[in-house]
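The values are calculated or read from the model by the stated rules, or taken from the named source; none is laboratory data. This structure is a prediction, so every number in the text was calculated from the model and none was measured. Note: ideal-geometry Cβ built from the backbone for every residue, glycine included; neighbour counts use all protein chains shown. Quick note on the areas: whole protein, heavy atoms, side chains included, nothing else; ligands and nucleic acids left out. Shrake-Rupley method; radii C 1.70, N 1.55, O 1.52, S 1.80 Å.
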Amino acid sequence: MKRILYILAIALSILACTDDIDKSNRFTFTGETMADFLLNRSEKYSHMITLLERAGLLSLLNTYGQYTLFLPDNASIEKFVAEKDSVYHATIGTSKFINTGISSPLVDELSDSMANVIARMHLIDRGYRMADFGEGAIGKWNFVDKILSINYKVVDERFYIMLNNHSAIIDGDNEVENGFVHIIDKPLDTKHTTIANHIMEHKFFSIFSRAIGETGFNYSIADYIDYAYKFPDDISSYFPKQKYIKYTAFVEPDEVFRANGIHTLDDLKAFAEKWYGTEDRDNPRSPKNALHKFVAYHFVEGEIAYNRIVPSRSGLNNEYYDDVCSTGHDLYNYFATMQGTLLKVLKPLSTTDGLNIYINYSKRTVPYNYEMRKHLNVRIMELTEFTRMNEEYADFVPVAANGIIHPIDKILVYNEDEMAGNILNERMRFDAAALFPELSSNNIWQNESMEFPGDYCKGIKRYGTERYLGYICPYPFYNCDCIPFTNRFDWAIKLPPVPSRTYEIRINVQLLPEPILRNREDAAMQLYLDDVVCDVPLNLDLAAIDERVGWIADNETYDNGAENDKLLRNKGWMKAPDSYCSSDYYGYLPARDAPLYVRKIITREHLTDGEHWLRFRNLSEDAYSLENYYNVCYYMLDYIEIVPLHIVSDPTKPEDRH
């Protein structure tokens, strides 16, 4: 574990080494703290002061650190409490009872638990300016571990930033010594509803809602937290305190179904059987049933906000990095659905559609399967756009207790022929951290560096004695993150469910800049696919310029590296892609131009349907210590490429460098 902490520290130091840190307020506050801001305006914000005191948080806001407070005034809190009390008493004793947790119209009579929830709902443990709020969601959770979505509204010609499409920021960027205070027009809603029930509560999702109920899928996505997970007593603070279970839903509004002739649940069943067959027709709760398959393809495990569906690769908050690395290449991710198949999400920056994000985007003029023409290029609608489309959608809140909902503009289906022959008939590069939904469910992925136990993610198997893994973000790798394997590591990860066929499988490798640091033959890693050895052990002590690799910079060749690419492939290596940026000792540059970063071809195998596991085993016997830091074998897992063999076997169509 100490080894992981050390690497986390190094990663953070790399990112901070060029920043000028303002230390002027490190020890002495010269202005208002967040607590001062409240107390100096107590006549207007006394309710929030009381709620924060009851939650034990007011003193925290008088300390060092960076926080964000969304602050409603007294009148709005009184109105909020009265409305919640009214709903409680209007529904009590009925079949539609809504337990709001508030049974008195008086703020002073709130229970301790509800006072705690309201206070924590409005506080984030990181300082955010309004300029940091982009369409999607705020990066850090609030103090009740909930995501806060962001969208925009214009009311009476005034522009507002909306939180959960419910509370408007009416006076933002009140800067204090320890963060920012944003005044909002009403308190954030404390409603706690599962994602299935949240969908089913909206009349404009009625057809899909009936399908959820018919298949019993609401029970499959009802979990919220894994109570079996226990936070170890001897672990550092860089460790998840809990293990939430969350989901992401891509859902068609009724008007999308109606535009395709689907008006009832029976219509949807017939449509599903057209694509998924009639097996187990009379048992909609069977995973083999067509309607069940249809619903399952709309859900992925993990909570993925709109602005994280396809990471920008500019997550280092570094202007120089953004300037150098704005390549214009498509941004994409792949996610395993609860149907057990893949969907691809893409922001096609190389096309005129580059402002949007799509599911299963096709650049072919004619689909591989002509019947799929209405079900490709499914656009995920931004919340701002969706709430403006129809008055019925105006108050839609996408965030549920255990997930988030994204409306889509076409009917989403999976077709094996189309996916294998078109959408997934490409070099598939999987961001390693995105393979584990537990990381996005717990606000780790694309957010902050963290340690976690090896059994935290069901897609990871532990073979050796190491108990912990790490996640580093931001870091100058693909999608700005990586998972370091350290000490005597021996881990296996489950590969994504790609269509059955023969593939070439590759991994990223970080080599040495020069052959001067270690030069040890036993700094090696053995790879296994489904417990079968892949090639000879991979020497992690090589330098890219070593003759056993043969890396030569493109600008040092007569043909821009074409012959060098062939030489590298013959030795089982490839240069890194040019579609993202990384860093070496000279600063940020396209990864292809950095000798530290290469790809290793590890095997060519036929992947059948079912699970496949890729194992990474450290063959070095050395254990970590500060004294022998440079003599310890470690590996930074960044991405895995799974490439249909025909793509790399056709000399007339060489693979692109992206």
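Pop out the Kirkwood hydrodynamic radius of the stretch 368-491 from its pairwise C-alpha distances, inverse of mean 1/r, in Å to one decimal. Answer for the stretch 368-491: a Kirkwood hydrodynamic radius of 18.0 Å. Backbone amide hydrogens, once placed in the peptide plane, bring Lys146 within less than 5 Å of nothing, excluding anything fewer than 5 places away on its chain.
Return the carbon/sulfur percentage of the accessible area of the chain, one whole number, probe 1.4 Å, all protein chains in place. So the carbon and sulfur contribution to the accessible surface is 48 percent. Considering the options Ala543, Ala394, Tyr247, tell which one lies farthest towards the positive end of the dipole of the chain, charges being +1 on Lys and Arg and -1 on Asp and Glu at the Cβ, about the Cα centre. Highest projection toward the positive end goes to Tyr247.
Working from label points 7 Å from Cα in the Cα-to-Cβ sense, the Tyr64 to Thr91 distance is 4.6 nm.
Per residue, the convex hull spanned by the Cα atoms of the stretch 189-291 amounts to 146 cubic angstrom. Seen from all directions on average, the chain presents a Cα convex hull projection of 31.8 nm². Once the C-beta distance of Arg285 and Thr608 is scaled by a Förster radius of 30 Å, the resulting FRET efficiency is 0.65 to the nearest 0.05.
In the full protein context, the stretch 343-483 carries 34 Å² of accessible surface per residue, based on a 1.4 Å probe and ignoring ligands, DNA and RNA. Amide H to amide H, with H built 1.01 Å from N, Leu511 comes under 5 Å of Tyr597, Val598, counting only residues 5 or more places away or on other chains. Coupling constants for the stretch 56-64 follow from the phi torsions by the Karplus curve (6.51 cos²θ - 1.76 cosθ + 1.60, θ = phi - 60°), and in residue order they are x, 10, 4, 5, 4, 6, 10, 10, 5 Hz; glycine and proline get x.
For the stretch 160-189, backbone nitrogen atoms closer than 16 Å to the point 7 Å from Glu78 Cα along Cα-to-C-beta are found at 186-187. Distance between Cα centroids, the stretch 143-178 to the stretch 365-438: provide it in whole Å. Taking the Cα centre of the stretch 365-438 as reference, the centre of the stretch 143-178 is 27 Å away.
Within the same chain, lysines fewer than 8 places from Lys653 are excluded, and of the rest, those with a Cα less than 23 Å from its Cα are Lys363, Lys566, Lys571, Lys575, Lys600.
Sorting the segments 440-451, 258-269, 353-364 by their mean number of nearby beta carbons within 10 angstrom, highest to lowest, gives 440-451, 353-364, 258-269.
The charge dipole of the chain, taken about its Cα centre with unit charges on the Cβ atoms of Lys, Arg (+1), Asp and Glu (-1) only, comes to about 1180 debye.
Converting phi to 3J(HN,Hα) with the Karplus coefficients 6.51, -1.76 and 1.60 and the offset θ = phi - 60°, the stretch 79-92 yields 5, 4, 5, 5, 5, 5, 5, 4, 5, 4, 6, 6, 10, 4 Hz in sequence order, with x at every glycine or proline. Among Lys146/Lys203; Lys96/Lys203; Lys79/Lys153; Lys274/Lys374; Lys44/Lys186; Lys269/Lys344, which pairs are too far apart, with a Cα-Cα distance over 19 Å? Going by Cα-Cα distance, Lys146/Lys203; Lys79/Lys153; Lys269/Lys344 fall outside the 19 Å limit.
For Lys575, nonlocal amide neighbours, meaning residues 5 or more places apart or on other chains whose placed amide H falls under 5 Å from its own, are Arg599. Over the stretch 421-562, the fraction of Cα-Cα pairs per 10 Å bin, rounded to whole percents and listed from the shortest bin up, is 9, 30, 37, 20, 3.
Compared with the direct C-alpha span, the chain from Glu255 to Asp145 gains 36.3 nm at full extension, assuming 0.36 nm per residue.
Full extension of the chain between Ser649 and Asp185 gives 161.0 nm of extra length, using 0.36 nm per residue less the Cα-Cα distance.
Here the sum of -39500 (n - 2.57) over DSSP H runs of 4 or more residues, divided by the residues of the chain, equals -6000 deg cm²/dmol at 222 nm, to the nearest 500. Summing charges over neighbours of Thr278, with a neighbour being any other residue whose Cβ is under 15 Å away from its Cβ, gives 0 when K and R count +1 and D and E count -1. Site pair Arg388 and Thr465 shows an inter-label distance of 6.1 nm when each label is modelled 7 Å from Cα along Cα→Cβ.
A 1.4 Å probe run over the stretch 220-275, with the rest of the protein chains in place, finds 50 Å² accessible per residue. Where the centre of each part is set by its Cα atoms, how far does the stretch 59-93 sit from the stretch 243-264, in angstrom? The distance from the Cα centre of the stretch 59-93 to that of the stretch 243-264 comes to 32 Å.
The base-10 log of I(q)/I(0) for the stretch 340-404, evaluated at q = 0.18, 0.23 Å⁻¹, reads -0.86, -1.05 [Debye formula, identical scatterers on Cα atoms, solvent excluded].
The modelled label-to-label distance for the pair Asp223/Leu349, using points 7 Å beyond Cα in the direction of Cβ, is 3.6 nm. In units of the rule-of-thumb radius 2.2 N^0.38 Å, the stretch 68-124 shows an alpha carbon radius of gyration of 1.20.
Taking each residue as 0.36 nm, the span from Glu621 to Arg373 lengthens on full extension beyond its C-alpha to C-alpha distance by 83.7 nm.
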